[in-house]
Amino acid sequence: MAGFGEEIRRAARLLADSRYAVALVGAGISVESEIPPFRGPGGLWTKYGEPDMRGYDRFLEDPKGWWETYQQREGYAKELMDTINAARPNAGHYALVELERMGVLKHTITQNVDNLHCVAGSERLSEIHGNVFKLRCISCNRRFEMDEISMEQLPPHCPDCKGLVKTDGVMFGEPIPPRVLDLCQEEASKCDCMLLVGTSATVYPAAAFPSVARREGASLIEVNLYETPLSDACDAVIRGPSAENLPRIVEQVRGFLV
Ligand SMILES: [Zn+2]
């Protein structure tokens, strides 16, 4: 197996030579910003139990009740929001922004709902599972900032189409908003290099993107603490934290581009 430095160099070369690189990012990068994972030791679901798998149905059955509970949130929901509120982007998030500004990274697809890519400055971003700081109309799919929608009467309604408004984070049982799903599929099929960061990409729909990219001939780069089902299919594998390794890769890409 090639040495660690060799893998970093290989990853940088693939990115520097790419015409259209896309990143697919998962929870690993958020964990490095001290947002606890859902599963495993220290995970929120391990502590509070699995969340309601019928989340979206319950919202639809009683949106007013759902919003009242949301506003007085406690336990799992409170801890998650408190933690996300306190979290800051790490060097991995900023490295992705840097790659975007260098013109190498054309799009970032994230599975994370914590807003850290936006705070870091990513501009070409698809949040496939939504963003906990935003709201969304379930009829026309328009997204809103929290302060754009009046909460005087619950449930809130869309100013455009009068549809029901919910938090933007995709709930269990809720379909991924079609616009973002279509865009991600398009980006995955367009790319010739996919950078997989902190994701095992085993959960649909993210799981489909590396296969689509691969089928279209894209190279795959993995940056992950752990081995994943995709590791063997990757052209470069960097086994370690993204906050340390993405900046190293970016530095070398810069060297290749001058
Ligand atoms: Zn609407």
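The values are calculated or read from the model by the stated rules, or taken from the named source; none is laboratory data. Everything numeric in this text was worked out from a predicted model, so none of it was measured. All Cβ positions, glycine included, derive from the backbone under ideal geometry; neighbour counts span all protein chains shown. Side chains included, ligands, DNA and RNA excluded: accessible areas come from the protein's heavy atoms. Shrake-Rupley method; radii C 1.70, N 1.55, O 1.52, S 1.80 Å.
A few points about this structure:
- Taking a sphere under 15 Å around the Cβ of GLY42 and counting the other residues whose Cβ falls inside, with K and R at +1 and D and E at -1, yields a net charge of -1.
- If the chain linking GLU123 and MET102 were pulled fully straight, counting 0.36 nm for each residue of separation and taking away their Cα-Cα distance, it would gain 6.3 nm.
- Selection from MET53, LEU105, ALA207 lying farthest towards where the dipole of the chain points positive, charges on Cβ: LEU105
- Only Lys, Arg, Asp and Glu carry charge here, each on its Cβ (+1 for the first two, -1 for the last two); on that basis the stretch 62-171 has a dipole of about 300 debye about its Cα centre.
- Degrees, to the nearest 10: 75-86 long Cα axis against longest axis of the chain: 50 degrees
- Summing charges over neighbours of ALA233, with a neighbour being any other residue whose Cβ is under 14 Å away from its Cβ, gives -3 when K and R count +1 and D and E count -1.
- The chain - mean residue ellipticity at 222 nm from DSSP helices (-39,500 (n - 2.57) per run, n ≥ 4, rounded to 500): -11500 deg cm²/dmol
- Solvent-accessible area per residue, Å², over the chain with all protein chains present [probe radius 1.4 Å]: 48 Å²
- Summing Cβ point charges (Lys, Arg +1; Asp, Glu -1) relative to the Cα centre of the chain gives a dipole of roughly 400 debye.
- Backbone amide hydrogens, once placed in the peptide plane, bring ILE109 within less than 5 Å of ALA23, LEU24, VAL25, SER126, excluding anything fewer than 5 places away on its chain.
- Efficiency of FRET from Cβ geometry, GLU186 and ARG73, R₀ 51 Å, rounded to 0.05: 0.90
- Check: the stretch 175-258 dipole with +1 on Lys, Arg Cβ and -1 on Asp, Glu Cβ, in debye: 80 debye
- For the set HIS129, HIS157, HIS117, solvent exposure ranked by accessible area (probe 1.4 Å, protein chains only) runs largest to smallest as HIS157, HIS129, HIS117.
- Per-pair calculated FRET efficiency, R0 = 30 Å: ASP57 and ILE149 via Cβ, rounded to 0.05: 0.85
- Helix axis angle, 91-101 relative to the chain longest principal axis, alpha carbon, degrees: 80 degrees
- Rounded to 10°, Cα long-axis angle of helix 4-17 versus longest principal axis of the chain: 80 degrees
- Estimated distance in nm for a label pair at LYS162 and GLU227, the labels positioned 7 Å out from Cα along Cα-to-Cβ: 5.9 nm
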